[in-house]
Amino acid sequence: MINKATLVIMAAGMGSRYGGLKQIDPVGPNGEIIMEYSIYDAIKAGFGKVVFIIKKEIEETFREVVGKKIEGLVEVEYVYQSLGNLPGGFDVPEGRVKPWGTGHAVLSAGKAVKTPFAVINADDFYGAETYRLLYDFLSGNQDSPGKYKYCMVGFILENTLTENGHVARGVCNVDTAGNLMDINERTKIMNFGDQTKYTEDDRDWIVIPKGNIVSMNTWGFNPSLFNELEEQFPIFLEKSRDNILKAEFFLPTVVDNLIKTGKADVKVLSTNDRWYGVTYQEDKPVVRQSIGNMVLEGKYPARLWER
């Protein structure tokens, strides 16, 4: 059994489409935010530490809204995703405002994570099964000589869409043994009635087959990942010079590279649970109602942290 598996929560995103710090917007019946449910489910599954990846300027708010509630229940650490956190020989380009992406976010947590760990988004509600699947995998799958052993919780695409606009998803190909073959980051996916499509150019829309597995940035890793992130980030920066103001170092792209070079086996842990998230302001009432229903069904207490 692993010692103190870590939950890493990516919460440094700017929330540009939503218009504010959606990570700390209450959705529960007593003011709970989405990530509180994630932490609650993770603790129940066995995780012993939570690492928040945030922007330094909102640390005080995070400690007030979340940290104080859970610090007595689980070890907590805060790390910062900063534009200036770059390898030697690189400087922040003039005009760059956007964070460097999910791969860079996880790289920022390297010094705080010493155990097998899960990675999630702060503003996504995954459901309790996700954390049970992750913890069970991390408990029994250490790296073997010459091969990393990682995992991903795979959601059915139709269970992850919003009616209020487009979403970004990692569209996956999975073999018959349940291993991830490749993953393609699609940044503009929309529901068109009985079809789901994506576009790369805002003109041509390509159908994604029903039932396709997608990544919701819900991963299980061993600490070996940090060495790979350190190696791939400067390569990304070098290749992105022509688009350096907008390019992002995506975590799924790093994983895809490791699969294609034979360095990693990534098991897809499938779930039929529905994902809930506040991508747009209009999503919030749906999330509130869904969580309220789960409280009524007894899946969560009305007050998460009553002791």
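The values are calculated or read from the model by the stated rules, or taken from the named source; none is laboratory data. In this text the structure is predicted, and so the values were computed from the model without any measurement. Cβ atoms come from the backbone with ideal geometry, glycine included; neighbour counts cover every protein chain shown.
Annotations for the structure displayed:
- Looking at Leu245, Leu237, Leu269, just one residue is within 16 Å of the chain's Cα centre (by Cα), surrounded by fewer than 20 Cβ atoms within 10 Å (Cβ to Cβ) and over 19 Å from Glu36 (Cα atoms), and that residue is Leu269.
- Residue in the range 148-168 that is surrounded by fewer than 20 Cβ atoms within 10 Å (Cβ to Cβ), touching a strand residue (DSSP E or B) at 6+ places or on another chain (Cβ under 6 Å) and modelled with pLDDT of 95 or more present: no
- Residue within the range 281-292 that is outside any loop (DSSP other than H, G, I, E, B), more than 19 Å from Gly28 (Cα to Cα) and modelled with pLDDT under 95 present: no
- In this structure, Lys210 qualifies as loosely packed, with under 12 Cβ neighbours inside 10 Å and touching a helix residue (DSSP H, G or I) at 6+ places or on another chain (Cβ under 7 Å).
- Residue satisfying all of: in the range 171-196; surrounded by 13 or more Cβ atoms within 10 Å (Cβ to Cβ) and within 23 Å of Glu282 (Cα to Cα); modelled with the lowest pLDDT among these: Thr187
- When the range 90-122 is filtered for residues that are touching a Pro at 6+ places or on another chain (Cβ under 9 Å), of a type in the set (A, V, I, L, M, F, W, C) and either without any contact (Cβ under 8 Å) to a residue 24 or more places away in the chain or within 19 Å of Gly46 (Cα to Cα) (or both), the ones remaining, listed by number, are Val113, Phe117.
So that you can scan it fast, the table gives a plain yes or no per residue for (1) assigned to a loop (DSSP other than H, G, I, E, B); (2) under 30 Å from Lys4 (Cβ atoms); (3) more than 15 Å from the chain's Cα centre (by Cα):
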position	(1), (2), (3)
Lys114	yes, yes, yes
Leu134	no, yes, no
Asn164	yes, no, yes
Leu180	no, yes, yes
